[in-house]
Every structure is written in C-alpha cells, then in structure tokens.
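Here the structure comes first, spelled out in structure tokens, and everything after it is commentary.
The values are calculated or read from the model by the stated rules, or taken from the named source; none is laboratory data. Computed from a prediction, not measured in an experiment: that's the story for all the values here. When we count neighbours, we look across all protein chains shown, and the Cβ atoms used for this are built from the backbone with ideal geometry, even at glycine. All accessible areas refer to the heavy atoms of the entire protein, side chains included, with ligands and DNA or RNA removed. Shrake-Rupley method; radii C 1.70, N 1.55, O 1.52, S 1.80 Å.
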Protein chains: 2
Amino acid sequence: MAEAESTIDNGVNVEALINAREALTEAPEAAQFKWRATCEWKNGTHSNTTVEGYFGLGEEHRHRTTFAFDADHPEVFASEDKGATPVEIVLVGLASCLTAGVAAVAQYREIQLRSVTAVVEGGMDIQGILGIDGDVRNGFDGIKVTYKIDADASEDDIKALVAQSQKRSAVYDIITNPTNVTVEVN
Amino acid sequence: MAEAESTIDNGVNVEALINAREALTEAPEAAQFKWRATCEWKNGTHSNTTVEGYFGLGEEHRHRTTFAFDADHPEVFASEDKGATPVEIVLVGLASCLTAGVAAVAQYREIQLRSVTAVVEGGMDIQGILGIDGDVRNGFDGIKVTYKIDADASEDDIKALVAQSQKRSAVYDIITNPTNVTVEVN
C-alpha cells in the first residue's frame, strides 16, 4: 500500500498523520489542544482579530506568522465594510475545513485531485439579529455546500470522499451540533 | 433621547439600524439574506477562500473589496501552516460578531467605549478528528470568551452589554445551536 501511494500526491503527508494517530493513541493527553483568537475592537462594527499561538502535544506552539482578520458589517447595515462579516468568516471556516479533509481523504484513498472548489451559502433571516421577530433565530437557517471536484476517480468515489471529509470535519461538527460557549468580562 | 446620543460615539449608526428595523418589519421578505464564500483548494490542507458578494434587501450586493482567507493546518500536523486553521477561523467569526454587538449595544445604551478586547479559546481533543476514539467529537469541547472592556459605565452595565450582545449574536447562535448543513457534489 505504502509503495502504491507514492504516485499520488495531493500534498498531504498521510504517513505523518498515521504516525500521529498511533502516538496519540498511546498518549491521549497530548491530544488535548487549545485554539485561540484575540479580537481588538477598532470602531463601529469593525474589529481586527489575530491568531498567533495554540496549545497541543503538551506545549505551546506559535504559527509561522501571525494571521490577522478584519471583520465588519456591510454598507447596507450602515457600516463601513472594512472586512467580511462574522457569519461569512464562519462560512470560510466550514469551506476550508471540508476542503482540507477532501485532500487528506483523497490521499489516504489514493485518489489524485486536480482541482477542488466549493461554494458555501448560508441563508439568514435578519429579522432575528435585528430583534424584529423573537421566533426567528439569529444564525443561519441552513447552509448549502456545493463541491466541484476534478479528480482521477469515479463520481461515486468522489462523493464518498466528500462524505468522509464531512464525517471527520471539526467545523462541520461545530456548526451542525451545539457547543457550549461561556462569555466572561474581566 | 436622540439628542443625548450625540455625545456618545462608538462609530455605530444606531438611527440607521432603527430605520432598517422599521422598514424590514413592514417588508419581511427583504430580510432574507444569503451569505457566501468560495473556496479553492491549493495543495495539501491549504486553501484560499474568497468572500465577494451577498444577497439581501431583495438584490445582490458586492463588498467594497474581495476578502480572501488562506487556511491550512499547522506544522505539528505535518502541514505547511500557510494560514490559520479552519477552527481558529471560526473563533475569529465568534469574537468579531460578539465585539460588533458590544459596540452596537453600547451605542444604543449611550455607553462610550474606550477599548474592547476579547480572547477566545476553544478546547479540542484531536482524538476526534484523527478517528482514534469514536466517542470524542470532532469539534470544540467548549469555548471560553473573555472580554476586557474600558468604558464609561459601571461593571454591571458592562456585563449587561456583553450579555445583550450574546443574545443578538448570529455566530454565538450558530455555535451554540445546531444548524443544518447539506453538502453536494456537482
């Protein structure tokens, strides 16, 4: 199996992931990660959030660079549109998580990918966030992800690839299932 | 009331939001929004997602510029760390949504903000995404948001501000409650 994989290259180091899985099975405490973001309010609905370090494998790590994200509301909400809206940023997280998963699963399954694109669309009735109708939720009323994948595989194998990515996706889980969030003021 | 507000300026146009609320109460179909993101796979777990247009108030809109986001996995996952991880990007969405809400609610309540920062931390047992233990979820086991706010208000008023932002936050709702996600391959 390992030999055959050498001709398929999606840029994912499957061997390292298999090794990590084995190592963490024997040392489950190393599997406890903490991911972080630090948000600074700028003005109005505009903020800048940075992602710099995280905890995992028993120690602190730093990303190779600090990643910074401007977020804002659009002009139709009387804001200045200095960044994507927070809900669009969540869609970015979902799209990128599923897409990384597609590449990783394809590598495991020895499927050469040529191109992968996903369009993610979330519907929202803004009567929720505006407080017009208490029965309307603040968040999305549903999200649709549509993949276009060019790969060296049958249609069924490509569909199975996407299904397996969904099954292992952290962000898909975060969005489809409830997560406890505590908010404190210091 | 409107007169008194003029001395408090957090950069949020509360009058426009009140007008929008009135207009949408009379024309609820205009409140139906569609937010979008388009993700392109680059290599390995690295992707680039763009946010460009959205639908709302009965028509298509474009952001003032196209917002682009690189996402990747870190080096400890044998990836190249060319962007924040998808789960960190979700934390960015949460932090920026709550922070925009704090500014908007402060404006309504005539509280002058001087500075607002939030640290968001999400715990994750990666035995889930690695498929080591089927009882461990893929997503966060919980998220903690800690605000530091310097404002012209009492501690209780500041806490109430944050609580109200939480109540109206789209991303807080998306993370704490389930949302249906359908994934298709075209």
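Remarks
- Exceedance of the 24 Å cut-off in Cα-Cα distance is limited, within the set A:K82/B:K34; A:K82/B:K159; B:K34/B:K159; B:K144/B:K167; A:K34/A:K144, to A:K82/B:K159; B:K34/B:K159; A:K34/A:K144.
- Per residue convex hull volume, Cα atoms of region A:20-118, in Å³: 138 Å³
- Counting only aspartates and glutamates at least 8 places from A:K148 when in the same chain, those with an alpha carbon closer than 15 Å to its own are A:E121, A:D156, A:D157, B:E40, B:E184.
- For region A:58-98: span of alpha carbons on each principal axis (Å, largest first): 45, 23, 15
- Here's the picture: charge each Lys and Arg Cβ at +1 and each Asp and Glu Cβ at -1 in region A:69-161, and of A:Q112, A:F140, A:A100 the one pushed furthest to the positive end of that dipole is A:Q112.
- Counting every C-alpha pair in the protein assembly as shown, the share spaced more than 29 angstrom apart comes to 40%.
- Calculated [222 nm] ellipticity per residue, helices only, for chain B: -10000 deg cm²/dmol; basis is -39500 (n - 2.57) per DSSP H run with n ≥ 4, divided by all residues, nearest 500.
- Within the accessible area of region B:1-146, the carbon and sulfur atoms contribute 47%, probe 1.4 Å, all protein chains present.
- Dipole in debye (nearest 20) - the protein assembly as shown, about Cα centre, beta carbon charges: Lys, Arg +1; Asp, Glu -1: 0 debye
- When chains B and A come together, the accessible area they lose, probed at 1.4 Å and totalled over both chains, is close to 10900 Å².
- Highest-fluctuation residue, A:D156, A:D70, A:D135 considered, GNM on chain A with Cα pairs under 10 Å: A:D135
- Surface exposure of the protein assembly as shown, expressed per residue as accessible area with a 1.4 Å probe, stands at 43 Å².
- B:K159 exposes around 100 Å² of accessible area when a 1.4 Å probe is run over every protein chain in place.
- Entry note, chain A: relative contact order of 17 percent, from Cα contacts under 8 Å with a spacing of 6+ residues.
- Cα centroid separation, region B:91-141 to region A:1-73 (Å): 16 Å
- Under the Debye formula (equal points on every Cα, no solvent term), log10 I(q)/I(0) of region A:44-168 at q = 0.13, 0.16 Å⁻¹: -0.77, -0.99
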